[in-house]
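One structure is given here, and the rest of the page talks about it.
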Amino acid sequence: MRLSRYFMPILKENPKEAEIVSHRLMLRAGMIRQQSQGIYSWLPLGKRVLDKVNAVIREEQNRAGAIELSMPTLQSAELWQESGRYDAYGKEMLRIKDRQERPMLYGPTNEEMVTDIFRASVKSYKDLPLNLYHIQLKFRDEIRPRFGTMRSREFMMKDAYSFDLTREAAEHSYNKMFAAYLRTFDRLGLRAIPMRADTGPIGGNLSHEFIILADTGESEVFCHKDFVGFDIPGERTDFDSVEGLQAIFDKWTSLYAATSEMHDEAAFNAIPEGERLSARGIEVGHIFYFGTKYSEPMGAKVQGPDGKEHFVHMGSYGIGPTRLVPAIIEASHDDNGIIWPASVAPFDVVVINMKAGDEACDDTCELIYAALTKAGKDVLYDDTDDRAGTKFATADLIGVPVQIIAGPRAVANGEVEVKDRKTGARETMTIEAAINRFVA
Ligand code: ATP
Ligand code: MG
């Protein structure tokens, strides 16, 4: 992508409305724009990051055996009347009428709809286990939308729903998502700690919130310090192994960890003082097992091996991609801007032409741009005629992991400078060596 032809509306000034650093940086880097309260457009740079976050989420959901589909944002109120949640959900639900005066709603979550899909076609235990997920916009009319896309009214959610014949099987499905979440957040460069959680309006009796520690987090959390160093399940994790996944779950729930709603002061105080961690955190994921809470009222049942009909045991599993983007920034930035982990960086590398219009600089940059693009890298080429200082500031602000800087003096020697955004380390090398870094 040539910066001269891109759409990246950078702000020079700090936006007054932004209270936390991630919101400030997302606005300054031209990633998002608020369209009305708590409703955002994702501008091209932001969209790239969001897509990369979703790609990681999708890979790990698929690895754990979940199957992607897509359900609509608008739902019929009838489904929610069946489950009994239409009245219970309250003011967070945006209720709409269509031209026939039929009550509709903008989905805040999809338990009812996915249960409807399930009951229409699955009739036998032989088709279980089943886990269906989608990545879709949700709407919740939050009382206090704030911090940009961290808490917005329209937001994206990856929501997965599992169906099993028995409670034991459902626990295995729960553990699959538990392990998948550990892997997902790790790949996004985050340390998320699963904490016992309240089940809220989703209902049920087994639930964990995945929390990232951050000073600006809205939740107050309490846990054992050792969680910070726990091993993440590897790529080879066998998601079909009941014992293997139970061992991961047991390990990750062996120490105290709870949000303030579930906090047990006595249990926390039983941890030696030096090993206690009491902090603030951001909820980035939430998983629930809720048994037959929806399958019973909605009649979702299958024939079991005993020939009888059984209501299926369900769970639901949410991750908030549009909250994860600012959460990643909260965890990874410095005074100059964002520092993206490579897995979600909008571009892998930015090529900075220090003297656009100078033949040698132009040729060198074009060569590098073409070679890296051909190698499958996402390359941003700063071919503008801005001042050097502006270019450096922009590159640092948008947090691309590597900068290749081509100035007239280096280029005359067949060289460029390569800067690591995170460490700030700069290295002069031949043009070929700079390319080979990415191609090799
Ligand atoms: P919170 O407690 O932060 O209001 P919640 O418990 O209501 O969230 P869940 O129903 O558990 O949210 O939704 C699953 C995930 O969706 C959350 O873990 C979070 O990552 C994301 N999410 C929920 N509400 C919002 C929101 N208003 N803005 C952005 N992301 C959200
Ligand atoms: Mg929650």
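Is one or more of the residues making up region 161-183 modelled with pLDDT of 95 or more, crowded, with 20+ Cβ neighbours inside 10 Å, in the same structural domain as GLN34 (by TED's automatic domain parsing) and within 11 Å of ligand 1 (Cβ to nearest atom)? Yes, there is a match, as at least one residue in region 161-183 is modelled with pLDDT of 95 or more, crowded, with 20+ Cβ neighbours inside 10 Å, in the same structural domain as GLN34 (by TED's automatic domain parsing) and within 11 Å of ligand 1 (Cβ to nearest atom). Scanning region 147-167 for residues that are over 23 Å from the mean Cα position of the chain (by Cα) and not in a strand (DSSP E or B) yields LEU165, THR166, ARG167. Put simply, of ASP334, ASP382, ASP358, ASP363 the only residue that is touching an Asp or Glu at 6+ places or on another chain (Cβ under 9 Å) and of a type in the set (Asp, Glu) is ASP334. In this structure, does ARG187 turn out to be more than 22 Å from GLU296 (Cα to Cα) and more than 16 Å from ligand 2 (Cβ to nearest atom)? So ARG187 passes the test. Would you be able to say whether some residue in region 222-234 is over 19 Å from the mean Cα position of the chain (by Cα) and either touching a residue at least 60 places away in the same chain (Cβ under 8 Å) or not assigned by TED's automatic domain parsing to the domain that holds ARG144 (or both)? No, region 222-234 contains no residue that is over 19 Å from the mean Cα position of the chain (by Cα) and either touching a residue at least 60 places away in the same chain (Cβ under 8 Å) or not assigned by TED's automatic domain parsing to the domain that holds ARG144 (or both). Tell me whether region 71-94 contains one or more residues that are of a type in the set (Lys, Arg) and surrounded by fewer than 13 Cβ atoms within 10 Å (Cβ to Cβ). Yes. Could you go through region 353-375 and let me know if any residue there is in a strand (DSSP E or B), farther than 30 Å from ASP159 by Cβ and touching a helix residue (DSSP H, G or I) at 6+ places or on another chain (Cβ under 6 Å). Scanning region 353-375, I find at least one residue that is in a strand (DSSP E or B), farther than 30 Å from ASP159 by Cβ and touching a helix residue (DSSP H, G or I) at 6+ places or on another chain (Cβ under 6 Å), so the answer is yes.
If the condition is being among the aliphatic types (A, V, I, L, M), in a loop (DSSP other than H, G, I, E, B) and either in contact with a Cys (Cβ under 9 Å, 6 or more places away or on another chain) or farther than 20 Å from VAL350 by Cβ (or both), then region 1-57 contributes ALA18, ILE20. Condition check for ILE135 on (1) more than 11 Å from ligand 1 (Cβ to nearest atom); (2) not in a strand (DSSP E or B): one failure, at (2). Please pick out the residue among ARG95, ARG144 that is in the same structural domain as TYR289 (by TED's automatic domain parsing), part of a loop (DSSP other than H, G, I, E, B) and among the charged types (D, E, K, R). On inspection, the qualifying residue turns out to be ARG144. If the condition is being closer than 23 Å to ALA77 by Cβ, touching a residue at least 40 places away in the same chain (Cβ under 8 Å) and away from ligand 2 (no atom under 16 Å from the Cβ), then region 294-329 contributes TYR294, SER295, PRO297, MET298, GLY299, ALA300, MET314. Return yes or no: is GLU309 among the charged types (D, E, K, R), outside the structural domain of ASP378 (by TED's automatic domain parsing) and more than 16 Å from ligand 1 (Cβ to nearest atom)? Here the answer is yes, as GLU309 does meet what is asked.
Every test in (1) closer than 30 Å to LEU188 by Cβ; (2) of a type in the set (Lys, Arg); (3) in contact (Cβ under 8 Å) with a residue 40 or more places away in the chain; (4) within 16 Å of ligand 1 (Cβ to nearest atom) is passed by LYS91 save one, and that test is (1).
Every residue, every condition in (1) assigned by TED's automatic domain parsing to the domain that holds VAL228; (2) within 16 Å of ligand 1 (Cβ to nearest atom); (3) over 22 Å from ALA214 (Cβ atoms), yes or no:
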| residue | (1), (2), (3) |
| --- | --- |
| ASP264 | yes, no, yes |
| GLU275 | yes, no, no |
| ALA300 | yes, no, yes |
| ILE319 | yes, yes, no |
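Working only within region 198-229, note down all residues that are within 12 Å of ligand 2 (Cβ to nearest atom), farther than 17 Å from TYR161 by Cβ, modelled with pLDDT under 95 and surrounded by 14 or more Cβ atoms within 10 Å (Cβ to Cβ). Hits for region 198-229 are GLU218, SER219.
Quick one: would you say LEU255 is among the hydrophobic types (A, V, I, L, M, F, W, C), surrounded by 13 or more Cβ atoms within 10 Å (Cβ to Cβ) and in contact with a Cys (Cβ under 6 Å, 6 or more places away or on another chain)? When the stated conditions are applied, LEU255 does not pass them. Can you find a residue that is more than 16 Å from ligand 1 (Cβ to nearest atom), of a type outside the set (A, V, I, L, M, F, W, C) and either in a helix (DSSP H, G or I) or out of contact with any Pro (no Cβ under 9 Å at 6 or more places or on another chain) (or both) anywhere in region 192-213? No; the residues of region 192-213 include none that is more than 16 Å from ligand 1 (Cβ to nearest atom), of a type outside the set (A, V, I, L, M, F, W, C) and either in a helix (DSSP H, G or I) or out of contact with any Pro (no Cβ under 9 Å at 6 or more places or on another chain) (or both). Here region 260-301 is the region considered, the condition is being surrounded by fewer than 20 Cβ atoms within 10 Å (Cβ to Cβ) and of a type in the set (Val, Ile, Thr), and the residue that is nearest to ILE57 (Cα to Cα) is THR292. Quick check, is ILE232 more than 16 Å from ligand 2 (Cβ to nearest atom), at pLDDT 95 or above and part of a helix (DSSP H, G or I)? No.
If the requirement is being acidic (Asp, Glu), out of contact with any Phe, Trp or Tyr (no Cβ under 6 Å at 6 or more places or on another chain) and under 20 Å from TYR161 (Cβ atoms), which of these qualifies: GLU283, GLU275? Criteria check complete, one pass: GLU283.
The values are calculated or read from the model by the stated rules, or taken from the named source; none is laboratory data. Just so it is clear, the structure is predicted and the values come from calculations on it, not from any experiment. Glycine gets a Cβ as well: all are built from the backbone with ideal geometry, and neighbour counts include every protein chain shown.
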